[in-house]
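Have a look at the structure that comes next, please.
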Amino acid sequence: MHEQQTATAEVPEVKNPVESLLRMDRMPHIWCPGCGIGTTVNCFARALEQSKVDLDKTAIVSGIGCTGRVAGYLNLDSFHTTHGRAIPFATGLKLANPDLKIVVYSGDGDLFAIGGNHFIHAARRNVDMTVICVNNLIYGMTGGQVAPTTPVTAKGTTYPYGSYDPPFNLPFLADSSGAVYVARWTVYHVHHVTKAIKEAILHRGFSFVEIISPCPTLYSRRNRLGDGLDQMKFYQENSEIRHGANTKDVDIDFQKKIIVGKFVERERKTYRQLMNEHLTSVFGEQYTKYEG
Amino acid sequence: MKKVQGTVVIKADSCKGCAFCVEFCPTGALHLSDSYNAKGYRIPELIDETKCTGCGLCGLFCPDFAIHGFIIKKVA
Ligand SMILES: Cc1ncc(C[n+]2csc(CCOP(=O)(O)OP(=O)(O)O)c2C)c(N)n1
Ligand code: SF4
Ligand code: SF4
Ligand code: SF4
Ligand SMILES: [Mg+2]
C-alpha cells in the first residue's frame, strides 16, 4: 500500500474540503474510473459551503442509479428512496418541514423516465426544492439501456443499432413546466457547476441544474467515445456558453455542440405561498397560515 | 507580484488513474507517474513542485476525492 504522498513533508496537512461532507468510512466509492459523478459531488460540497446553508437543516434525496448513490455517500441527512420517487419523497419532506433545504440528487433515468411525471408536477406547483440531475445520457447502473435523454443515433443495450427515440431536452422541459431556475453545465465546467448549484439552492422555488457527465463504462464504450477524459475534453472543446438562451434551442444531438449556461431565473409563488394565500382568501381569519 | 507555492496530497489507494487532475491542472504541474496502486491504477505525482500554485483545481476535478492541492507559502 502506498503512503500518502506530500511534496513537502513538514507542511501541516490541509484536508480536502469535500471530506467533511462525505462518509469517509464508505470510501473508496463504487463509481468507475473517469465517471463524472464524483466530480459533481466536489462541486456540490463547495456550493453548500459557499451558500452557508445550515447543514443541520439540509436534506438530500436520491432515487436509484449510480447517481442515486450520492445520498449514501454524503454525511448529511440523506434518503435513498425507491426508483423514480425522490421528488415525491422530497415534496413530503418539504411540506412537513418547511424550513428544511431540500436537494434532490439523481440520474437522468430516475428523474425523467420512471420519475418524469413527478418532475413536471413538482415544477408546475413550484415546490421549493433544488433538483440536480447528473445526465450521463444513459441508464448507468443497470447496464447501459437507452434513457429518455439518450441522443438519437447513440447506442445502448436496448438500441444496438442506435436510438431513434427523440430525447427530452431537459432545460426546456423544466422551463415549460414552471421551474424558476434552470441551468445546464457539463462536468468539465467545475466552477460553473459550483456556482449554479449555489444559486439554485439559494433561489426560492423549484430550481433545476442539469450536469452532463461522462459514463465511460457504458455510454462511451458502447459508442466508441474513449474514456472519461476523452469525454471531458469533448465537453471542453464543444460546449458553448449561452446564458439566457431560449430553452427550446438547447437540444442535445449525438456528439454535437452542447449549449450550456443559466437559462432561466425568475420568481413565482411557491406551492406553500399559493396554498396559504388561497385558503386565506376563502376562509379569512379562520384560516391559520401553514408554516410547518 | 507575489507568487505562491502550493503542493498536493494524494491518496494513492483511492485514485483510479483517470488523469482529470493531470489534464486540467492549469500549470501542468502533474503527470501520471510510473507507479501503480494496489488496484493497478497509475497514480499522478507532481513533476515539479515549484509549478504548483495550490489552486486546488485538481481536487475539484478528482472524481475519487484522491488528490487536493493547497497553498503552503508565499514566495516573494
Ligand atoms: C421500480 C424499478 N424499476 C427499475 C429498476 C432498475 N433500475 C435501477 S437504476 C435504473 C436506471 C438508472 O439510470 P439513471 O437514473 O440515469 O442513473 P445512472 O445509473 O445513469 O446514474 C433502473 C432502470 C429499479 N431499481 N426499480
Ligand atoms: S456505470 Fe457509468 S454512471 Fe455508473 S459508475 Fe460506471 S461510469 Fe459512472
Ligand atoms: S493545486 Fe493547482 S497547480 Fe497544484 S497541482 Fe493542483 S491543479 Fe495543479
Ligand atoms: S483525478 Fe483523482 S482519480 Fe483521477 S488520476 Fe487524478 S488523483 Fe487519480
Ligand atoms: Mg443516467
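The values are calculated or read from the model by the stated rules, or taken from the named source; none is laboratory data. Worth saying up front: this structure is predicted, and the values here are computed from it rather than measured. All Cβ positions, glycine included, derive from the backbone under ideal geometry; neighbour counts span all protein chains shown.
From the list B:G40, B:G56, pick out the single residue that is away from ligand 4 (no atom under 12 Å from the Cβ), in contact with a strand residue (DSSP E or B) (Cβ under 9 Å, 6 or more places away or on another chain) and modelled with pLDDT of 95 or more. Steps first, answer last, please.
On the way: B:G40 fails: in contact with a strand residue (DSSP E or B) (Cβ under 9 Å, 6 or more places away or on another chain).
Exactly one residue qualifies, and that residue is B:G56.
For segment A:113-126, enumerate the residues that are of a type in the set (A, V, I, L, M, F, W, C) and either without any contact (Cβ under 8 Å) to a residue 12 or more places away in the chain or surrounded by fewer than 24 Cβ atoms within 10 Å (Cβ to Cβ) (or both).
First, the residues of segment A:113-126 that are of a type in the set (A, V, I, L, M, F, W, C): A:113-114, A:119-120, A:122-123.
Within segment A:113-126, A:A113, A:I114, A:I120 qualify.
Taking A:G107 as the residue in question, decide whether it is more than 11 Å from chain B (Cβ to nearest Cβ) and closer than 20 Å to A:I197 by Cβ. Before you say what the answer is, go through the steps one by one.
Details: more than 11 Å from chain B (Cβ to nearest Cβ): yes; closer than 20 Å to A:I197 by Cβ: yes.
The answer is yes for A:G107.
So, one more: Look at A:T194 and say whether it is out of contact with any Ser or Thr (no Cβ under 7 Å at 6 or more places or on another chain) and in contact (Cβ under 8 Å) with a residue 12 or more places away in the chain. Walk me through it before giving the result.
Details: out of contact with any Ser or Thr (no Cβ under 7 Å at 6 or more places or on another chain): yes; in contact (Cβ under 8 Å) with a residue 12 or more places away in the chain: yes.
Judged against the criteria, A:T194 is a match.
Given the residues A:T194, A:T158, which is the only one that is touching a helix residue (DSSP H, G or I) at 6+ places or on another chain (Cβ under 9 Å) and polar (S, T, N, Q)?
Working: A:T158 fails: touching a helix residue (DSSP H, G or I) at 6+ places or on another chain (Cβ under 9 Å).
Checking each option against the conditions leaves just A:T194.
If A:R224 satisfies all but one of (1) over 30 Å from A:S177 (Cα atoms); (2) not in a loop (DSSP other than H, G, I, E, B), what's the number of the condition it fails?
Answer for A:R224: the failing condition is (2).
For segment A:195-221, how many residues are outside any strand (DSSP E or B) and within 14 Å of ligand 5 (Cβ to nearest atom)? Even if it seems obvious, please write down each step before you answer.
The initial filter retains those residues of segment A:195-221 that are outside any strand (DSSP E or B), namely A:195-205, A:213-221.
Pick out the ones that are also within 14 Å of ligand 5 (Cβ to nearest atom) and you get A:213-220.
Going through segment A:195-221 one residue at a time, the tally reaches 8.
Would you mind stating whether A:P214 is closer than 18 Å to A:G109 by Cβ and crowded, with 23+ Cβ neighbours inside 10 Å? Quick ask: steps written out before the conclusion?
Details: closer than 18 Å to A:G109 by Cβ: yes; crowded, with 23+ Cβ neighbours inside 10 Å: yes.
Yes; evaluated as a whole, the condition is true for this residue.
Quick one: B:S35 ticks every box in (1) modelled with pLDDT of 95 or more; (2) within 15 Å of ligand 4 (Cβ to nearest atom); (3) at the interface with chain A (Cβ under 10 Å from one of its Cβ atoms) except a single one, so which number is it?
The failed condition is (1).
Right, something else. Surrounded by fewer than 18 Cβ atoms within 10 Å (Cβ to Cβ) and either of a type outside the set (S, T, Y) or more than 16 Å from ligand 3 (Cβ to nearest atom) (or both), is that true of A:G109? Break it down into steps so the answer makes sense when it comes.
Numbers: surrounded by fewer than 18 Cβ atoms within 10 Å (Cβ to Cβ): no; either of a type outside the set (S, T, Y) or more than 16 Å from ligand 3 (Cβ to nearest atom) (or both): yes.
When the stated conditions are applied, A:G109 does not pass them.
Scanning segment B:49-59 for residues that are in contact with a Phe, Trp or Tyr (Cβ under 9 Å, 6 or more places away or on another chain) and not in a loop (DSSP other than H, G, I, E, B), which turns out farthest from B:D13 (Cα to Cα)?
Here the residue is B:L57.
Would you be able to tell me the number of residues in segment B:5-20 that are at the interface with another protein chain (Cβ under 7 Å from one of its Cβ atoms), in a strand (DSSP E or B) and surrounded by 22 or more Cβ atoms within 10 Å (Cβ to Cβ)? Explain how you work it out, then say what you get.
Residues of segment B:5-20 at the interface with another protein chain (Cβ under 7 Å from one of its Cβ atoms): B:7-14, B:16-20.
From the residues that got through so far, the ones that are in a strand (DSSP E or B) too are B:7-10.
Of the ones still in play, those that are also surrounded by 22 or more Cβ atoms within 10 Å (Cβ to Cβ) are B:7-8, B:10.
Residues that pass the stated criteria total 3.
Looking at segment B:40-48, is at least one residue on the phi > 0 side of the Ramachandran plot, more than 7 Å from chain A (Cβ to nearest Cβ), more than 10 Å from the chain's Cα centre (by Cα) and surrounded by fewer than 20 Cβ atoms within 10 Å (Cβ to Cβ)? Let's see the steps before the verdict.
Keep residues of segment B:40-48 that are on the phi > 0 side of the Ramachandran plot, which gives B:40.
Now restrict to residues that are more than 7 Å from chain A (Cβ to nearest Cβ): B:40.
From what is left, the residues that are more than 10 Å from the chain's Cα centre (by Cα) are B:40.
From what's left, surrounded by fewer than 20 Cβ atoms within 10 Å (Cβ to Cβ): B:40.
Yes, that holds for at least one residue.
If you check A:Q286, A:Q255, which single one turns out to be touching a Leu at 6+ places or on another chain (Cβ under 8 Å) and surrounded by fewer than 18 Cβ atoms within 10 Å (Cβ to Cβ)? Outline the logic, then answer.
Numbers: A:Q286 fails: touching a Leu at 6+ places or on another chain (Cβ under 8 Å).
That would be A:Q255, the only listed residue that is touching a Leu at 6+ places or on another chain (Cβ under 8 Å) and surrounded by fewer than 18 Cβ atoms within 10 Å (Cβ to Cβ).
From the set of residues in segment B:58-76 that are within 7 Å of another protein chain (Cβ to nearest Cβ) and touching a residue at least 60 places away in the same chain (Cβ under 8 Å), which is nearest to the chain's Cα centre (by Cα)?
Filtering segment B:58-76 for residues that are within 7 Å of another protein chain (Cβ to nearest Cβ) and touching a residue at least 60 places away in the same chain (Cβ under 8 Å), the one nearest to the chain's Cα centre (by Cα) comes out as B:H68.
Given (1) more than 12 Å from the chain's Cα centre (by Cα); (2) at the interface with chain A (Cβ under 10 Å from one of its Cβ atoms), identify the lone condition not met by B:E23.
It fails just one condition, (1).
Six or more apart or on different chains, Cβ under 9 Å: which pairs go from a residue in segment A:134-162 that's closer than 15 Å to A:F254 by Cβ and within 14 Å of chain B (Cβ to nearest Cβ) to one that's of a type in the set (S, T, N, Q) and more than 10 Å from ligand 2 (Cβ to nearest atom)? Could you list them?
From segment A:134-162, the pairs are A:N136/A:T149.
Can we say B:V75 is among the hydrophobic types (A, V, I, L, M, F, W, C), more than 28 Å from A:G226 (Cα to Cα) and more than 10 Å from ligand 3 (Cβ to nearest atom)? Spell out the reasoning first.
Working: among the hydrophobic types (A, V, I, L, M, F, W, C): yes; more than 28 Å from A:G226 (Cα to Cα): yes; more than 10 Å from ligand 3 (Cβ to nearest atom): yes.
Yes, satisfied.
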